[in-house]
2 protein chains.
Amino acid sequence: MSGPQTPEPALGIQGDAPTGARDEDAADGIQHSHRMLSFSDALLSIIATVMILPVTHTEISPEQFDKSIQKLLATRIAVYLMTFLIVTVAWAAHTRLFQVVGKIDDTLALLNLACMMTITFLPFTFSLMVTFPEVPLGIFLFCMCVITIGAVQALIVVYAFHFPHLLNPQIESSTHRALYRQHILGIVLRGPALCFVAAGFSLFFYPLSYLLMATVIFLPYVSKVSSWCKGRLVGPQEPPAHSMEFFTFDLHEPLSKERVEAFSDGVYAIVATLLILDICEDNVPDPRDVKEKFHGSLVAALSVYGPHFLAYFGSFATVGLLWFAHHSLFLHIRKATQSMGLLNTLSLAFVGGLPLAYQQTSAFVRQPHDELESVRVSCAIIFLASIFQFAIWTTALLHEGETLQPSARFGGREHAFMFAKLALYPCASLLAFASTCFLSRFSTAIFHLMQIAVPFAFLLLRLLVRLGLALLCAMRGLAQPATQAEEDAHAPLLPAAC
Amino acid sequence: MSGPQTPEPALGIQGDAPTGARDEDAADGIQHSHRMLSFSDALLSIIATVMILPVTHTEISPEQFDKSIQKLLATRIAVYLMTFLIVTVAWAAHTRLFQVVGKIDDTLALLNLACMMTITFLPFTFSLMVTFPEVPLGIFLFCMCVITIGAVQALIVVYAFHFPHLLNPQIESSTHRALYRQHILGIVLRGPALCFVAAGFSLFFYPLSYLLMATVIFLPYVSKVSSWCKGRLVGPQEPPAHSMEFFTFDLHEPLSKERVEAFSDGVYAIVATLLILDICEDNVPDPRDVKEKFHGSLVAALSVYGPHFLAYFGSFATVGLLWFAHHSLFLHIRKATQSMGLLNTLSLAFVGGLPLAYQQTSAFVRQPHDELESVRVSCAIIFLASIFQFAIWTTALLHEGETLQPSARFGGREHAFMFAKLALYPCASLLAFASTCFLSRFSTAIFHLMQIAVPFAFLLLRLLVRLGLALLCAMRGLAQPATQAEEDAHAPLLPAAC
């Protein structure tokens with residue numbers, strides 16, 4: 001009952017067992033950083049996702065769908081994706097930083113708030129950059145933000161090393177503490193240094209600034225992808241045993257699973273609720289309209305918005321079930337490697353795009369001849385969001401010894417069930433996409449059918465998987481009754497109740 | 001290191017110490033509910049707060065500020081407050097429910113998602129009710145939502161009691177399990193039953209429905225307030241020792257402190273970030289405007305929005321620092337009683353109103369003759385949000401033995417510091433409000449001065465409190481050098497370093 005991710009939520013208050021030690025700390029103003037980190041995760045996930053709103057608020061009407069609207073939409077999608085990526089980089093850096101700084105006091109909490117405030121300003125600089133690509137002000141402001149964030153983080157590092165009891169116990173007791181500090185400061189200040197150069201160039205030759213900015217944003221991803229490819233080619237990575245790197249103990253370690261979960265939860269929660277806001281603001285009919293157009297019948301007036309509600313429920317169900325799949329997946333994951341973190345980020349970026357799918361489906365009524373396109377875009381977004389989840393699972397299976405709980409490994413009791421859970425959305429969306437090619441006239445019906453069928457499939461999944469496995473075993477038994485050994489090997493897949 | 005609120009965040013992955021026991025559970029598809037509850041908290045806090053957006057999006061210009069706009073604004077504020085209160089009630093019921101149901105499996109997770117989806121629909125029914133008060137459709141839909149939520153929750157209870165290993169261990173091992181079930185079902189279905197009657201009345205005599213709805217929303221608050229008043233009058237409440245109530249062991253218990261923190265964090269996070277969205281959507285100038293009005297100077301175009309940015313930073317700082325005070329307060333709280341939960345809700349409702357304060361301050365430029373009103377409204381919102389935080393602290397002090405860590409009690413080392421931290425915002429906002437009465441011409445300057453000064457005051461607070469206490473002691477020492485005993489009694493207030 002004492003693991004980090006499983007505090008006993010029931011019965012509320014009995015959490016103060018180690019009161020002695022904790023209270024001593026609290027008395028000196030030193031605090032465990034858990035709650036501050038959750039709050040930071042919530043803030044960062046909201047900032048990462050919130051730029052999808054300008055995309056969904058872009059008014060598209062069939063008559064006006066000219067080049068300027070297309071450009072505006074592309075611009076906004078670009079802002080969304082850039083914001084998402086840079087905030088994820090900032091989040092990962094934040095995670096690393098607070099893996100080094102284990103405890104906080106008031107000063108660190110306030111410095112962290114200052115850091116968060118600067119990060120919330122990043123989306124605005126992107127908006128400026130994309131709207132005025134030839135004016136260097138946007139990139140200059142962006143660089144200033146990154147430099148400020150770097151400065152605040154460096155301040156946090158210097159402060160924490162000045163009061164070593166705030167550090168992670170392993171570093172606190174290390175004899176190479178000064179080396180650690182130097183190394184961590186180097187990591188924290190690498191991006192800001194690049195941005196400093198970029199800010200300088202922005203004043204007289206801004207294209208180079210954009211290049212440097214792209215380096216800052218994509219370098220972490222590129223290095224992750226390359227290390228993953230290397231890992232795939234060379235085989236399971238051995239821990240680097242260079243004597244030079246003795247002091248980087250957790251800087252190349254995987255991200256904290258708890259914080260990956262908290263960040264993902266934030267993204268799912270904000271995406272799920274962004275939609276109801278649109279409903280509440282836009283779908284309450286005007287009293288005058290009701291009186292004039294619908295002869296006072298509110299039900300008739302609301303029925304105009306029917307498709308919106310249907311799309312809302314469909315979209316909420318999709319986000320909710322993708323969260324459910326993510327939740328089930330991470331329940332069986334022991335630790336999240338860097339490549340899994342990268343895949344998770346990509347999955348979340350597409351989850352953030354789901355309000356766009358909602359927007360598309362609720363626009364069916366207004367522009368019927370576009371519905372085929374809309375359904376396909378929606379299916380593509382759902383497919384990409386879910387296939388990256390599936391990829392997390394396959395990546396985890398590559399090193400299943402380290403990354404998965406025994407029951408989810410090959411041959412484990414939950415393996416087949418897990419597979420079915422994660423494969424459901426990719427299959428369903430792919431199927432829906434394919435059917436629209438053959439039955440383009442019924443594309444809307446197909447899409448709605450998918451949205452209604454998938455939740456029921458999830459409810460009945462355990463049953464279906466058992467049935468499927470039983471059938472499989474029965475067929476194997478009929479085909480090769482001799483190979484009893486092989487059947488036995490599959491027996492653990494079949495739960496006892498089957 | 002094993003308390004619920006202080007999982008070790010550093011070094012990521014070592015969280016699987018009790019792998020054996022947990023993995024056994026995971027293999028059966030049974031999961032600890034921690035992450036699902038965090039996700040629900042995030043969803044509910046966002047839903048509670050998001051209805052402030054229609055309020056802030058109400059366009060107010062000095063010429064048009066007539067009765068219809070006033071009515072619209074009042075309507076939207078009413079929707080916000082009602083949504084906030086009902087979602088808080090739903091959240092408290094959810095907390096209670098999952099204090100009984102200790103573990104979850106896939107079915108319960110899916111049922112919980114269905115419950116969340118229905119709750120997200122509540123704000124819309126309020127919007128309908130307030131826009132069309134004479135049409136009973138809004139209240140009918142509201143009742144249907146509450147009945148659906150009740151039905152899903154009842155299903156959760158029945159399911160959990162059918163598989164008792166999902167229950168809280170204390171209930172699981174209890175001999176009165178059937179009685180528990182009956183009692184909990186009663187609690188879960190009380191509200192829906194009232195709503196069923198209300199739905200019936202809405203079809204022919206809707207005013208009664210509103211009355212019943214008000215009962216559902218306010219009954220929990222009224223009963224909390226009355227029990228708190230009773231507690232104040234009669235003295236510290238003794239645990240009810242009736243033999244009849246042996247089975248309600250944790251239904252009258254305080255709320256889980258962890259979930260109060262998670263819900264509050266969600267509200268603070270969404271309020272802090274709602275503002276940047278407005279900035280990003282509305283404050284990027286139009287390229288054509290820049291060319292025509294500002295002769296291509298982006299800096300000049302942006303300087304028009306200067307006050308918006310100032311207001312944004314001021315508002316983020318206010319929300320951040322209120323979170324900081326809340327965080328410090330709950331660090332010293334051992335358990336949250338019902339009255340503290342109520343005060344926390346009220347504080348959060350006003351925190352949710354802070355974007356309104358931002359809206360008011362950023363509107364200064366457009367309507368200079370209204371700035372006095374705006375500053376006063378902002379000060380009032382900040383004052384109310386912070387004074388309710390302060391009230392949580394005073395309520396906790398009433399039963400300090402149960403509710404507070406020793407260091408925060410009277411005479412404890414952190415007591416004076418805690419007091420200063422929580423009193424800072426009420427004092428500052430009251431001071432700013434009072435100064436606007438005498439120096440009404442400088443009201444904007446006063447407000448901005450407050451917003452800039454308070455963060456620095458927080459940074460230097462520990463120093464200031466020590467100085468103040470040292471001065472106090474010195475003065476006492478000069479005045480009554482004889483009463484050494486009294487001075488000794490205050491000595492613990494002075495940290496050793498002072």
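The values are calculated or read from the model by the stated rules, or taken from the named source; none is laboratory data. Since the model is a prediction, treat every value here as computed from it, not as a measurement. With ideal geometry, Cβ positions are generated from the backbone for all residues, glycine too; neighbour counts draw on all protein chains shown.
Below is a table of values for the structure above.
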read-out	value
Residue match in segment B:320-343 (condition: without any contact (Cβ under 8 Å) to a residue 40 or more places away in the chain, among the hydrophobic types (A, V, I, L, M, F, W, C) and under 18 Å from residue B:425 (Cα atoms))	no
Per-region count, segment B:60-77, residues at pLDDT 75 or above and either small (Gly, Ala, Ser) or surrounded by 16 or more Cβ atoms within 10 Å (Cβ to Cβ) (or both)	6
Single unsatisfied condition, residue B:325 versus (1) within 11 Å of chain A (Cβ to nearest Cβ); (2) closer than 30 Å to residue A:135 by Cα	(2)
Which numbered condition residue B:491 fails, given (1) within 30 Å of residue B:327 (Cα to Cα); (2) modelled with pLDDT of 80 or more	(2)
Residue in segment A:280-291 that is in the same structural domain as residue A:332 (by the TED database), modelled with pLDDT of 85 or more and closer than 30 Å to residue A:51 by Cβ present	no
Yes/no for residue A:413 being under 22 Å from residue A:328 (Cβ atoms), charged (D, E, K, R) and outside any helix (DSSP H, G or I)	yes
Residue that is surrounded by the fewest Cβ atoms within 10 Å (Cβ to Cβ), among those in segment B:147-184 that are over 33 Å from the mean Cα position of the chain (by Cα), in a helix (DSSP H, G or I) and hydrophobic (A, V, I, L, M, F, W, C)	B:178
Output for segment B:273-298, where each listed residue is within 7 Å of another protein chain (Cβ to nearest Cβ) and farther than 19 Å from residue A:119 by Cβ	B:287, B:298
Odd one out for residue B:230, checked against (1) surrounded by 12 or more Cβ atoms within 10 Å (Cβ to Cβ); (2) modelled with pLDDT of 70 or more; (3) basic (Lys, Arg)	(1)
Residue A:465, sole failed condition from (1) at pLDDT 80 or above; (2) within 30 Å of residue A:338 (Cβ to Cβ); (3) within 14 Å of chain B (Cβ to nearest Cβ)	(2)
Hits in segment B:447-467 (condition: buried (at least 18 other Cβ atoms within 10 Å of the Cβ) and either in contact with a Cys (Cβ under 9 Å, 6 or more places away or on another chain) or not assigned by the TED database to the domain that holds residue B:384 (or both))	B:447, B:450
Among (1) more than 10 Å from every other protein chain (Cβ to nearest Cβ); (2) surrounded by fewer than 20 Cβ atoms within 10 Å (Cβ to Cβ) - the single one residue A:139 does not satisfy	(2)
Check on residue A:253, within 14 Å of chain B (Cβ to nearest Cβ), at pLDDT 85 or above and within 30 Å of the chain's Cα centre (by Cα)	no
Identity of the residue in segment B:103-134, assigned to a loop (DSSP other than H, G, I, E, B) and more than 9 Å from chain A (Cβ to nearest Cβ), that ends up surrounded by the most Cβ atoms within 10 Å (Cβ to Cβ)	B:133
Residue identified as assigned by the TED database to the domain that holds residue B:359 and in contact with a helix residue (DSSP H, G or I) (Cβ under 6 Å, 6 or more places away or on another chain) among B:388, B:410, B:438	B:388
Residues that are outside any strand (DSSP E or B) and in contact with a Pro (Cβ under 9 Å, 6 or more places away or on another chain), drawn from segment B:320-341	B:320, B:321, B:335, B:337, B:338, B:340, B:341
Segment B:391-410, residues that are in contact (Cβ under 8 Å) with a residue 40 or more places away in the chain and assigned to a helix (DSSP H, G or I)	B:391, B:392, B:393, B:395, B:396, B:398, B:402, B:403, B:407, B:408
Which numbered condition residue B:369 misses (of (1) modelled with pLDDT of 85 or more; (2) surrounded by fewer than 16 Cβ atoms within 10 Å (Cβ to Cβ))	(1)
Pick from segment A:37-52, criterion at the interface with chain B (Cβ under 7 Å from one of its Cβ atoms) and touching a residue at least 40 places away in the same chain (Cβ under 8 Å), ranking: farthest from residue B:268 (Cα to Cα)	A:51
Number of the exception - residue B:296 against (1) surrounded by fewer than 22 Cβ atoms within 10 Å (Cβ to Cβ); (2) touching a residue at least 24 places away in the same chain (Cβ under 8 Å); (3) out of contact with any strand residue (DSSP E or B) (no Cβ under 8 Å at 6 or more places or on another chain)	(2)
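Residue by residue, here is whether (1) modelled with pLDDT of 55 or more; (2) surrounded by 17 or more Cβ atoms within 10 Å (Cβ to Cβ); (3) at the interface with chain B (Cβ under 7 Å from one of its Cβ atoms) holds:
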residue	(1), (2), (3)
A:20	no, no, no
A:31	yes, yes, yes
A:54	yes, yes, yes
A:58	yes, no, no
A:79	yes, yes, no
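Yes/no per residue for (1) out of contact with any strand residue (DSSP E or B) (no Cβ under 9 Å at 6 or more places or on another chain); (2) facing another protein chain (nearest Cβ under 9 Å); (3) buried (at least 24 other Cβ atoms within 10 Å of the Cβ):
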site	(1), (2), (3)
A:271	yes, no, yes
A:301	yes, no, no
A:310	yes, no, no
A:319	yes, no, yes
A:338	no, no, no
